[in-house]
Amino acid sequence: MANKPTQPNSTRKGRRRRRGVPKALAILMIVLALAVGGGLGYGFGNHNAVRSSEANVLAVQEELDRANARITDLETVLELMDVDPQDDFMNYVSGVSDEAINALAGEDQPAVNNDVLVDDSSLLSGDGAENVADPSQSEPVVVAEFDGGTLMSDEVLAAYDQAMSQLMLATADASQMADSVMQSVMESLVSEKIYYAKAEELGLTTYTEEDEAAIAAEAEAQFEDNIAMMLDFVTQEGDTPEQAREAAIQSLEENDGVTLDSLKEEIRENYWLTKLKDYVTQDVTVSQEEIDAAYDQLLEEQQALFTANADEYEFARDSGQLVVYNLEGYRTFKPIFLALDADASYRCQEIYSQIESLDPEADAEEIEQLNQELDTLFASLESTAEEIQDRINDGADFDSLIAEYGDDTRILEEPYKTTGYYVCESTTLYAPEIVSAVMALDTIGSVSEPVRCSDGLYILRYTSDVTPGPVNMQLVQADLEAETLESLKFDAYDAQAREWVEEANVVYHPEVLQ
């Protein structure tokens, strides 16, 4: 009788499943971008636009010009995901009518009611740019006033259109909510003006060297996140990591206008708000009683949630959330992952698929040949794995070997660097081959033989047993204290911000748009 294949099925992924953006959510994100013409510069956070109504109207023209250039790229991405940009559901994405634009810009003829702000003249058509009113030919109207300032109609345009476009993705009858959306947009823009005035009064709108250093650090972190998200779209077969990174950087700049410098400028524009929040909450502290109360509440919530659905527990552990209740049957492990290159990994998947489709007896010779090809593909990795195992046998530190040899960079980050990954017999987070190998280890500290998976080899170390039930308070004290303090700071700033708005005596004039 021929030997049955021992390699994993090609549909099984050896590497830990990436918690990336699901396809459906990715599509939604792209459609949202299309909904506002492909532009990313509008929202409630641009205080320059809030401070200058004329600049805001001119920015609409500039953003639409950029948007039209980007739409083609976004639609291409949708097509690669097997989504037709011309499908009926895209018709829910609508733009701003000529009448609404004229009303917001201060033309003599007001909009009949806010429903007119949504019609079939979609920004996707590319015609929106020519409809933007010229501020030199008309005067904006006041839609809200408060102590020390006003909100003009033309300032509301971009934020309202973005909000309505997103809402229309959820319901075809979004126009029924137009009045409430308009009111929410106006309240948000007015509040930001009030906050900025307060920050100016406190001297928080000028930045120190320390501020600039913090801005640069945040920009670098965001830039790396952008690159990581873009890699899935731009990486070509055979690309080295350096080539893929360069392609991602180029795509971000050419298609989105995103560079490290542009991110720095964007963060710098709004950094006054970070400073304002820090100023307001600088004296907020947290007591042990508050930490204890937060622990008790979280424990009650997680016990009910995790007991009802183990997947919720695994997701919480996998995403690095604070966990205070453990389920039974779990242990932790750490991997040294040796990755195959892209071509070899793809060929491995093909081979596994072929082996699975063959009859173990009738096709024994072909199976043997395919297994020999697998041996060749894994040969260099297995040579490295032997070297690693020799060093383990000589007493080398496993964590040091992960850093030296491993291709799984996530295990080098906290909390995974300390805790490892969580697994049980029934987990679906990892390939069955990995689960079986980890659960077969008898004692804490024991190490598996190299495990073949379609993306490479894994050497697995059983690091701990997970004690079921409530997590000892002392083990989560620091994290719980930080989270509780952050929550208290949020509440403190929110209360102060509401007070500032109340003191500003805001009066809204929605009737000018009716």
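What single numbered condition from (1) surrounded by fewer than 19 Cβ atoms within 10 Å (Cβ to Cβ); (2) more than 17 Å from residue 277 (Cα to Cα); (3) under 26 Å from the mean Cα position of the chain (by Cα) fails to hold for residue 176?
The failed condition is (3).
Hey, could you check segment 361-416 for residues that are of a type in the set (Asp, Glu) and touching a Pro at 6+ places or on another chain (Cβ under 9 Å) and say which is most open to solvent (accessible area, probe 1.4 Å)? So that I can check it myself, show each step before the final result.
Applying the first criterion (of a type in the set (Asp, Glu)) to segment 361-416 yields 361, 363, 365-366, 368, 373, 375, 382, 386-387, 390, 394, 397, 399, 404, 407-408, 413-414.
From what is left, the residues that are touching a Pro at 6+ places or on another chain (Cβ under 9 Å) are 382, 386, 408.
Details: 382: 57, 386: 114, 408: 27 Å².
Looking at the filtered set, the residue picked out is 386.
Condition first: open to solvent by 40 Å² or more (accessible area, probe 1.4 Å), of a type outside the set (A, V, I, L, M), at pLDDT 95 or above and in contact with a helix residue (DSSP H, G or I) (Cβ under 7 Å, 6 or more places away or on another chain). Now tell me which residues in segment 247-268 satisfy that.
264, 268
Restricting attention to segment 229-246, does a residue exist that is assigned to a helix (DSSP H, G or I), among the β-branched types (Val, Ile, Thr) and modelled with pLDDT of 95 or more?
No, there is no match, as no residue in segment 229-246 is assigned to a helix (DSSP H, G or I), among the β-branched types (Val, Ile, Thr) and modelled with pLDDT of 95 or more.
Could you list, in sequence order, all residues of segment 470-514 that are touching a strand residue (DSSP E or B) at 6+ places or on another chain (Cβ under 8 Å) and loosely packed, with under 13 Cβ neighbours inside 10 Å?
Once the filter is applied, which keeps residues that are touching a strand residue (DSSP E or B) at 6+ places or on another chain (Cβ under 8 Å) and loosely packed, with under 13 Cβ neighbours inside 10 Å, segment 470-514 yields 505, 507.
Report yes if some residue within segment 287-306 is part of a strand (DSSP E or B), over 20 Å from the mean Cα position of the chain (by Cα) and farther than 30 Å from residue 206 by Cα; otherwise report no. Spell out the reasoning first.
The first filter runs over segment 287-306 and keeps only residues part of a strand (DSSP E or B), leaving none.
For segment 287-306, residues part of a strand (DSSP E or B), over 20 Å from the mean Cα position of the chain (by Cα) and farther than 30 Å from residue 206 by Cα: absent.
Could you say which residue among 281, 285 is open to solvent by less than 70 Å² (accessible area, probe 1.4 Å) and in contact (Cβ under 8 Å) with a residue 40 or more places away in the chain? Write out each step before concluding.
Working: 285 fails: open to solvent by less than 70 Å² (accessible area, probe 1.4 Å).
The match here is 281.
Of the residues 156, 143, which is part of a strand (DSSP E or B), modelled with pLDDT under 95 and either among the β-branched types (Val, Ile, Thr) or more than 15 Å from residue 274 (Cα to Cα) (or both)?
Working: 156 fails: part of a strand (DSSP E or B).
Step by step, each of 156, 143 is checked, and only 143 is part of a strand (DSSP E or B), modelled with pLDDT under 95 and either among the β-branched types (Val, Ile, Thr) or more than 15 Å from residue 274 (Cα to Cα) (or both).
I need the full set of residues from segment 219-236 which are over 21 Å from residue 408 (Cβ atoms) and either hydroxyl-bearing (Ser, Thr, Tyr) or open to solvent by 80 Å² or more (accessible area, probe 1.4 Å) (or both), in order please.
220, 233, 236
Going by the structure shown, is residue 181 open to solvent by less than 70 Å² (accessible area, probe 1.4 Å) and not in a helix (DSSP H, G or I)? Lay out the reasoning, then the answer.
Details: open to solvent by less than 70 Å² (accessible area, probe 1.4 Å): yes; not in a helix (DSSP H, G or I): no.
So residue 181 does not fit the description; no.
Checking the condition of a type in the set (Phe, Trp, Tyr), at negative phi and under 25 Å from the mean Cα position of the chain (by Cα), which residue from 422, 458, 462, 405 passes? If you could, list the steps in order and put the result at the bottom.
On the way: 458 fails: under 25 Å from the mean Cα position of the chain (by Cα); 462 fails: under 25 Å from the mean Cα position of the chain (by Cα); 405 fails: under 25 Å from the mean Cα position of the chain (by Cα).
So the residue among 422, 458, 462, 405 that is of a type in the set (Phe, Trp, Tyr), at negative phi and under 25 Å from the mean Cα position of the chain (by Cα) is 422.
Taking the conditions exactly as written (within 22 Å of residue 216 (Cβ to Cβ), touching a Leu at 6+ places or on another chain (Cβ under 9 Å), of a type in the set (S, T, N, Q) and open to solvent by 30 Å² or more (accessible area, probe 1.4 Å)), does residue 307 satisfy them or not? Before the answer, list the steps.
Numbers: within 22 Å of residue 216 (Cβ to Cβ): no; touching a Leu at 6+ places or on another chain (Cβ under 9 Å): yes; of a type in the set (S, T, N, Q): yes; open to solvent by 30 Å² or more (accessible area, probe 1.4 Å): yes.
Taking the combined requirement at face value, the residue does not satisfy it.
Of everything in segment 176-233, what is polar (S, T, N, Q) and under 22 Å from residue 264 (Cα atoms)? Give them in sequence order.
Of segment 176-233, the ones polar (S, T, N, Q) are 176, 180, 183-184, 188, 191, 205-206, 208, 222, 226.
Listed by number, the residues that qualify are 205, 206, 208, 222, 226.
Just to be sure before I move on: is residue 455 touching a Lys or Arg at 6+ places or on another chain (Cβ under 6 Å), farther than 19 Å from residue 419 by Cβ and not hydroxyl-bearing (Ser, Thr, Tyr) in the structure I sent? I'd like the intermediate steps shown before the answer.
Working: touching a Lys or Arg at 6+ places or on another chain (Cβ under 6 Å): yes; farther than 19 Å from residue 419 by Cβ: yes; not hydroxyl-bearing (Ser, Thr, Tyr): yes.
It is true that residue 455 is touching a Lys or Arg at 6+ places or on another chain (Cβ under 6 Å), farther than 19 Å from residue 419 by Cβ and not hydroxyl-bearing (Ser, Thr, Tyr).
The values are calculated or read from the model by the stated rules, or taken from the named source; none is laboratory data. Keep in mind it's a predicted model, so treat the numbers as computed, not measured. No Cβ is skipped: glycine too gets one built from the backbone with ideal geometry, and neighbour counts run over all protein chains shown. Areas reflect the complete protein model, heavy atoms only, side chains present, ligands, DNA and RNA absent. Shrake-Rupley method; radii C 1.70, N 1.55, O 1.52, S 1.80 Å.
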